[in-house]
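Participant: I'd like to ask some things about the structure below.
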Amino acid sequence: MISIRRVIIIGATGSIGRQAIDVVARHPDRFSVVGLSAHSDEDGLVAASCHFPGAALCLSSRSPRSGAIAFSGIGGLSALVRDTDADIVLNAASGAAGLSVSFDALSSGKDLALANKETVVMAGRLAFAAARRASRLILPVDSEHSAIFNMIERFGRETVRGVVITASGGAFRDEPLESLPGKKPTDALAHPTWSMGAKITVDSATMANKGLEVIEAARLFGLTGAEIDVVLHPESRVHSFIRARDGSLYAQMSRPDMRLPILNALAWPESVDESVADMDPCDVPLRFSRPDPERYPLLRTAYDALASGEGSTDAYNAANEVAVAAFMDGAIRFTDIARVVSRTLERAYPPTLEGLEAVLAVDADARRVARSIVKEIS
Ligand code: NDP
Ligand code: MG
C-alpha cells in the first residue's frame, strides 16, 4: 500500500512547474498538492490552483489581488515552504532565488525534489549537510542528473568511475561561428528539442547550462571534473551515461520529456507505471560528438571554476545570470555572455564557503563585478 505524498510546487507557473502539475494531477492516488507558488504571474497561479482545491498559495513578488492567495513576498514564500504540512517540495524556481527555498524545505523536514540546479552550484555541500541533519533526501530533477542518480542507485556508487553528460547543443549548434555575435534573444530561444524557461534556453545555446550541470554532477555525486565528460547529442534521447569500473558504458534513454524525471523524483523510491510514452529505439538515429570549445567557451570556464572551488562556481552562476539578463535586454551581444563570465572569474574567490552568508556575499560580489563589465562593453 503506497501512501499519498503531499507535495509543494515552487515555481508552479514555469516550464517545470506546469509539467509537474500535469503529471501530479494525473496520479491523484499517489500525490496531493498542498502548496503552490509563483513569483509574479498571479493569474497563472490561480489557474493552476483550480486542480488542487485547498492548496496554500503564494505570490512571492508582491501583494496579490486575489483573496485566495494567503502568502506573499519573500517572507511568505519561506512561510509557505516551512509551515505547510508536506512530504516533499519541488523547487522549480528559476535562478539564485531558489536557494532559500531549498534550505527552508530541508530544515523544516521535507524531502527536496530539485530542479533548481543553482542551489547545488551555489551551495551544494551546505545543502547536503542540511539534508543529512534533517535526515531528508535531495532528489535531482535535472534530466541528466536524474538519469545518473537512477543508474547509481541501481548499479551502486562503487561500480561507477565516471559519468558522461549529454548536451543538445542548443539553438546555434549548426550555425556558422561568425554569425553568433549577431544572434538576437529570439534566435537563442528557439531550442531544437526541449521546451524550457527563457534563461535555461539561452544557457543551452551558450552551454552555460552544461557548465552548471557539470558542477551540479560533481557536487551531487562526489565526482571530480576529470570524471565528468560532456558529449553533444542532438537527439536528446540519451540523458546521461555512467562509466562502470569494468569499462562498460550504461545509458539511460527516454523521449525528451521532463515529466519523467519530475515523477521519478516525486515518487522516489517507488516508480510510477507508464509515466511517459515509450521510446522506440528505431525512432531516430542517435549521434554523439565532442562539443567545439570555440563555439561553447563557457563549458571550459565551468571546469576551471570547479577546479578553483566553491567561491568560483558560485561566481560562475551569478556572472552568467547577470550576463544573460543583459543579453536579453539588448545591452550586450550573444558572444559577450562568455566574456562577461570569464572576466568575472579572473578574480580570486574563496575555495570553500562556510555558510549561506558567505555564499550570498560571493554571489553579490560577482554580480557587481559582472555588471561593471557589462557596462564597460555595452
Ligand atoms: P521558468 O522561467 O519557466 O519558470 C520559473 C518559475 O519560477 C516560475 O513559476 C516563476 O514565477 C518562478 N520564479 C521566478 N523568479 C522567482 C523568484 N525570484 N522567486 C521565486 N520564484 C520565482 O523556468 P524553468 O521551469 O525552465 O526552470 C526552473 C528551474 O528548473 C531552473 O533552475 C532551471 O535551471 C531548472 N531546470 C529546468 C528545466 C526545463 O526543462 N525547463 C530542465 C532542468 C532544470 P512567475 O511565472 O510568476 O514569474
Ligand atoms: Mg539538464
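The values are calculated or read from the model by the stated rules, or taken from the named source; none is laboratory data. Quick caveat, the model's predicted, so the values are computed rather than measured. Neighbour counts run over all protein chains shown; Cβ positions are idealised from the backbone, glycine included. Just the protein is used for accessible areas: all its heavy atoms, side chains included, with ligands, DNA and RNA removed. Shrake-Rupley method; radii C 1.70, N 1.55, O 1.52, S 1.80 Å.
Participant: Step through the residues of segment 216-230 one at a time and calculate ³J(HN,Hα) from phi using the Karplus curve (6.51 cos²θ - 1.76 cosθ + 1.60, θ = phi - 60°), rounding each to whole Hz and writing x for Gly and Pro.
Facilitator: Result, rounded to whole Hz: 4, 5, 4, 6, 5, 10, x, 10, 8, x, 5, 8, 10, 10, 10.
Participant: In percent, what relative contact order does segment 180-234 have, based on Cα pairs under 8 Å that are 6 or more apart in sequence?
Facilitator: Reported relative contact order: 22 percent.
Participant: Then there's this: Can you tell me the relative contact order of the chain? Whole percent, Cα pairs under 8 Å, sequence separation 6 or more.
Facilitator: Numbers: 720 pairs, mean separation 53.2, N = 378.
For the chain, the relative contact order is 14 percent.
Participant: I've got another one for you. Just the projected area, averaged over all directions, of the convex hull on the alpha carbon atoms of segment 123-166: how many nm²? Don't skip to the end; give the middle numbers.
Facilitator: On the way: hull surface 15.3 nm².
That works out to 3.8 nm².
Participant: Follow-up question, since we're still on this one. Just the number please: accessible area per residue for segment 199-293, 1.4 Å probe, all protein chains included, in Å².
Facilitator: Value returned for segment 199-293: 43 Å² of accessible area per residue.
Participant: Using each residue's phi in segment 55-68, evaluate 6.51 cos²θ - 1.76 cosθ + 1.60 at θ = phi - 60° and report the 3J(HN,Hα) Karplus result to the nearest Hz, with x for Gly and Pro.
Facilitator: Per residue, the Karplus-derived 3J(HN,Hα) values read 5, 6, 10, 9, 10, 7, 8, 6, 6, x, 7, 6, x, 6 Hz.
Participant: Let me ask something additional. When 1/r is averaged over all different Cα pairs and the result inverted, which Kirkwood radius in Å belongs to segment 1-122?
Facilitator: This gives a value of 13.9 Å.
Participant: For Glu158 and Asp22, calculate 0.36 nm times their separation in residues minus their Cα-Cα distance, and state this gained length in nm to one decimal.
Facilitator: Values: separation 136, 0.36 × 136 = 48.96 nm, distance 3.61 nm.
Net length gain for the segment: 45.3 nm.
Participant: For segment 257-350, with all protein chains present and a 1.4 Å probe, just round the carbon and sulfur fraction of the accessible area to a whole percent.
Facilitator: Accessible surface attributable to carbon and sulfur in segment 257-350 totals 48 percent.
Participant: Specify the inter-centroid distance of segment 182-201 and segment 114-151, based on alpha-carbon positions, in whole Å.
Facilitator: 26
Participant: Of all beta bridges DSSP finds with both residues in the chain, what is the antiparallel percent, to the nearest 5?
Facilitator: Working: 11 of 39 bridges.
The antiparallel proportion sits near 30 percent.
Participant: Output needed: percent of Cα pairs per 5 Å distance bin for segment 240-378, bins running from 0 to the one holding the longest distance.
Facilitator: Result returned by the calculation: 2, 9, 13, 13, 12, 13, 14, 13, 8, 4, 0.
Participant: Nearest 500 deg cm²/dmol is fine: what mean residue ellipticity at 222 nm does the chain get from its DSSP H runs of n ≥ 4 alone, each adding -39,500 (n - 2.57), divided by its residue count?
Facilitator: When only DSSP H runs of four or more count, the value is -14000 deg cm²/dmol.
Participant: FRET efficiency for Asp283 and Arg368, Cβ-Cβ distance as r, R0 = 51 Å, nearest 0.05?
Facilitator: 0.60
Participant: A further question on this structure: Counting Lys and Arg as +1 and Asp and Glu as -1, each charge on the Cβ, what is the dipole of segment 61-204 about the Cα centre in debye, to the nearest 20?
Facilitator: Working: 16 positive and 15 negative charges, 74 e Å.
The dipole magnitude comes to about 360 debye.
Participant: For segment 86-207, with all protein chains present and a 1.4 Å probe, just round the carbon and sulfur fraction of the accessible area to a whole percent.
Facilitator: Carbon and sulfur: 53 percent of the exposed surface of segment 86-207.
Participant: Right, here's the next one. Among Ser254, Tyr303, Ser342, which residue has its Cα furthest toward the positive end of the charge dipole of segment 227-369, with +1 on Lys/Arg Cβ and -1 on Asp/Glu Cβ?
Facilitator: Farthest along the dipole direction, towards plus: Ser342.
Participant: With only Lys, Arg, Asp and Glu charged, each at its Cβ (+1 for the first two, -1 for the last two), find how big the charge dipole of the chain is about the Cα centre; round to the nearest 20 debye. Mind showing how you got there, number by number?
Facilitator: Numbers: 40 positive and 47 negative charges, 91 e Å.
In total the dipole reaches around 440 debye.
Participant: Tell me, what is the per residue accessible area of segment 32-157 in Å², probe radius 1.4 Å?
Facilitator: 37
Participant: What ³J(HN,Hα) values, in whole Hz, does the Karplus curve 6.51 cos²θ - 1.76 cosθ + 1.60 give for segment 348-361 when θ = phi - 60°, with x put for Gly and Pro?
Facilitator: Calculated HN-Hα couplings, in order: 8, 10, x, x, 10, 10, 8, x, 5, 4, 5, 4, 5, 5 Hz.
Participant: While we're here: Can you list the equivalent-ellipsoid semi-axes of the chain, largest first and in whole Å, using the square root of 5 times each Cα gyration tensor eigenvalue?
Facilitator: 30, 26, 21
Participant: With each label point set 7 Å from Cα along the Cα-Cβ vector, what nm distance links Arg132 and Asp187?
Facilitator: Output for this residue pair reads 4.8 nm.
Participant: For a quick check: with amide H placed at 1.01 Å from N, whose amide H comes under 5 Å from Ala113's, ignoring anything fewer than 5 positions away on the same chain?
Facilitator: Those qualifying (amide H under 5 Å, at least 5 residues apart or on another chain) are Val89, Leu90, Asn91, Leu139.
Participant: Rounded to the nearest 20 debye, what is the charge dipole size of segment 278-334 about its Cα centre when +1 sits on each Lys and Arg Cβ and -1 on each Asp and Glu Cβ?
Facilitator: On the way: 5 positive and 10 negative charges, 67 e Å.
It works out to roughly 320 debye.
Participant: Excluding residues on the same chain fewer than 8 positions from Lys199, give the aspartates and glutamates whose Cα lies under 16 Å from its Cα.
Facilitator: Within reach: Glu118, Asp142, Asp187, Glu213, Glu321, Asp329, Asp336.
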